[in-house]
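The values are calculated or read from the model by the stated rules, or taken from the named source; none is laboratory data. As the structure is a computational prediction, the values presented were derived from the model and not from experiment. Every residue, glycine as well, gets a Cβ built from its backbone with ideal geometry; the counts of neighbours run over all protein chains shown. Just so you know, the surface numbers come from the protein's heavy atoms only, side chains and all, with ligands and any DNA or RNA stripped out. Shrake-Rupley method; radii C 1.70, N 1.55, O 1.52, S 1.80 Å.
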Amino acid sequence: MSDRLYIFDTTLRDGEQSPGCSMNIEEKLKVAHALSALGVDVIEAGFPAASPGDFEAVNSIAKEVGKNTIITGLARAHAKDIEHAGAAIRPAGDHARIHTFIATSPIHMQAKLRMQPEEVLQRAVDAVTQARALAPQVEFSAEDAGRSDMDFLCRIVEAAIKAGAGIINIPDTVGYMTPTEFGERIRSLRERVPNSDQAIFSVHCHNDLGLAVANSLAAVEAGARQVECTINGLGERAGNAAVEEIVMTLKTRYDHYHIDTAVDTTKIIPTSKLVSQITGMPVQANKAIVGANAFAHESGIHQDGVLKHKQTYEIMTPESVGLNTNRMILGKHSGRAALKSRYADLGTELDGDALNAVFARFKALADKKKDIFDEDLMTILAGDDEVDMERIKLISLHAASGMGDTPVAAVELEIEGELLKATGEGDGPVDAAFKAIKSLVEPNGKLLLYSVNAITAGTDAQGEVTVRLQNDDLIVNGQGSDTDIVVASAKALVAALNKLPNMHARKVHAQYSGV
Ligand code: KIV
Ligand code: ZN
């Protein structure tokens with residue numbers, strides 16, 4: 001008998017909370033659309049009370065994506081948080097959910113909340129009651145449930161269901177549980193809470209001991225029917241359970257679980273790449289399902305086996321997760337029709353001016369690089385979005401470095417039509433180029449993150465660089481890719497600078513700039 005598991009994606013909330021992963025509204029919208037196309041059931045779009053920017057992001061996602069997917073906003077068990085969450089998710093209509101939480105473990109109640117268990121219980125009931133009046137769906141989470149007293153947990157869960165929570169989430173907030181213990185906890189809650197049949201049980205596991213996926217699946221075996229997870233396993237500290245691992249385990253081991261999800265698994269790799277590109281958080285090569293080596297067979301014995309029969313060493317096909325193994329299909333002799341058709345295979349229909357613009361950039365890349373991979377095509381496409389927003393353009397860049405030499409860079413930027421030049425010296429050619437560029441504009445932001453990723457194999461691979469800048473309260477990301485890593489870095493910096501409002505040319509004489 002088959003059963004259905006709801007996938008609750010929290011990449012935009014718990015994932016975005018992880019160090020260095022913050023996204024702006026435009027980026028969150030891109031990820032939300034991709035998650036909806038992937039087929040997750042619920043998108044936790046953010047924490048609306050955290051800041052006006054968070055509110056706006058959740059609200060925009062509710063407007064644009066809420067028709068197809070349930071959108072939820074997180075709220076502490078505080079009246080103001082719940083009001084903010086209710087207002088932010090309202091555009092999602094029937095698909096709007098408030099997710100309210102309070103900690104229930106002795107250590108959290110005593111040391112963090114400084115509240116007695118009875119006060120916590122009352123606060124949970126009040127929060128769920130208030131949320132129920134503001135949204136058609138309410139989820140209640142008992143934070144640090146893994147370390148909570150079982151009797152108290154049963155009481156608060158029963159009270160939350162009675163107050164109107166249709167989804168009860170049991171988080172292992174600190175990733176402390178083992179699969180046997182956690183499964184037992186879910187089984188026992190379902191058996192002991194008298195009204196447990198009136199709610200869907202959900203789990204939210206952190207990965208501090210590397211057990212987030214195992215714990216989530218143990219909970220599924222014990223009757224949980226919603227799993228909270230993130231793309232690439234992003235999340236606080238060691239992260240959350242990874243969507244791709246949960247979904248592919250259920251699919252690959254259907255014989256064991258007999259449980260389906262609504263996820264279109266062929267969109268897993270493109271979604272993973274998008275999230276990695278936007279957050280600047282590379283995926284480790286040996287990461288299950290989405291790592292660069294996940295389907296690579298290196299040893300002779302394995303290669304021999306796979307050539308004779310794929311299933312000797314492959315338990316799922318690369319195609320089933322959206323990895324195209326027929327990768328070297330385009331190069332400098334490919335025409336517009338081939339490009340259009342390849343983009344169509346990748347899910348993007350291009351025609352007219354859009355196709356012409358992308359084709360021109362494709363040809364420019366093909367002049368520099370023999371084989372154009374799908375990853376390159378996705379990068380071309382992503383960059384194309386930003387062409388119209390370019391107030392600064394990188395016109396030229398020359399960098400020189402060598403053993404024992406001081407690295408130097410010379411740049412030419414066009415800033416709102418004016419051509420400006422600068423030179424810079426630094427600790428390496430990238431640093432020199434950044435100093436030269438930054439000397440020409442203000443504000444130029446504080447560098448929060450610089451990350452480099454080779455997006456395809458080989459020494460002619462395109463390097464993809466993410467740069468994150470902060471100016472006052474605003475954090476912006478820029479991406480750049482090129483076969484030359486210094487140029488990719490400069491492009492990424494310029495893309496980020498283009499997102500800073502009021503950014504303008506700095507009035508300095510070029511000869512003084514850049515050093
Ligand atoms: O880890 C956790 O407990 C959480 C809750 C807010 C669900 O993220
Ligand atoms: Zn969490």
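Annotations
- Shape of region 72-132, Cα gyration tensor, a/c cut at 1.5: prolate
- Cα gyration tensor of region 202-298 - equivalent ellipsoid semi-axes, whole Å, descending: 21, 16, 12
- Estimated dipole of region 363-451 in Debye, rounded to 20 [Cβ of Lys and Arg +1, of Asp and Glu -1, Cα centre]: 280 debye
- Helix 243-252 axis, angle to the chain major axis (alpha carbon atoms, nearest 10°): 70 degrees
- Integer Hz, Karplus 6.51/-1.76/1.60 couplings in order for region 276-290, x for Gly and Pro: 5, 5, 5, 7, x, 9, x, 8, 4, 4, 9, 5, 4, 6, 10
- Solvent-accessible area, 1.4 Å probe, carbon plus sulfur percent, for region 392-505: 51 percent
- Gyration tensor (alpha-carbon) shape descriptor, region 392-505, a/c threshold 1.5: oblate
- Global form of region 123-188, assessed from the alpha-carbon gyration tensor, a/c cut-off 1.5: prolate
- Here each label is just a point 7 Å from Cα along the line to Cβ, and for residue 398 and residue 452 those points are 2.2 nm apart.
- The distance separating the Cα centre of region 3-23 from that of region 80-133 comes to 19 Å.
- For region 3-279, the spread of Cα coordinates along the three principal axes comes to 45, 44, 32 Å, biggest extent given first.
- Coupling constants for region 210-220 follow from the phi torsions by the Karplus curve (6.51 cos²θ - 1.76 cosθ + 1.60, θ = phi - 60°), and in residue order they are x, 10, 4, 6, 4, 5, 4, 5, 5, 5, 4 Hz; glycine and proline get x.
- Column: log10 I(q)/I(0), Debye, Cα scatterers of region 335-417, q = 0.18, 0.20, 0.23 Å⁻¹: -0.87, -0.97, -1.11
- Region 1-114 - convex hull of the alpha-carbon atoms, volume per residue in Å³: 136 Å³
- Taking only the C-alpha atoms of the chain, the Rg (one decimal) and the largest Cα-Cα distance, Dmax (whole number), read 25.0, 78 Å.
- Per residue, the accessible area of the chain comes to 44 Å² when a 1.4 Å probe rolls over the protein heavy atoms.
- Near the amide H of residue 259, within less than 5 Å, lie the amide hydrogens of 3, all on another chain or at least 5 residues away, with H placed in the peptide plane.
- With K and R counted +1 and D and E -1, the other residues having a Cβ less than 13 Å from that of residue 82 yield a net charge of +2.
- Each residue of region 7-23 was assigned a 3J(HN,Hα) from its phi angle through the Karplus curve 6.51 cos²θ - 1.76 cosθ + 1.60 (θ = phi - 60°); the sequence is 9, 9, 9, 10, 4, 7, 10, 5, x, 5, 6, 6, x, x, 10, 5, 10 Hz, with glycine and proline shown as x.
- For the chain, the longest principal axis of the C-alpha atoms and the axis of helix 336-345 are separated by about 20°.
- Amide H to amide H distances under 5 Å link residue 234 with 240, where only residues 5 or more positions off or on other chains count and H is placed in the peptide plane.
- Summing +1 for each Lys or Arg and -1 for each Asp or Glu among the other residues whose beta-carbon sits under 13 angstrom from that of residue 414 gives -1.
- For residue 77, the residues 5 or more places off, or on other chains, whose built amide H falls under 5 Å of its own are 101.
- Above 16 Å, the calculated P(r) of region 296-381 contains 58 percent of its Cα-Cα pairs.
- Solvent-accessible area, 1.4 Å probe, carbon plus sulfur percent, for region 179-222: 45 percent
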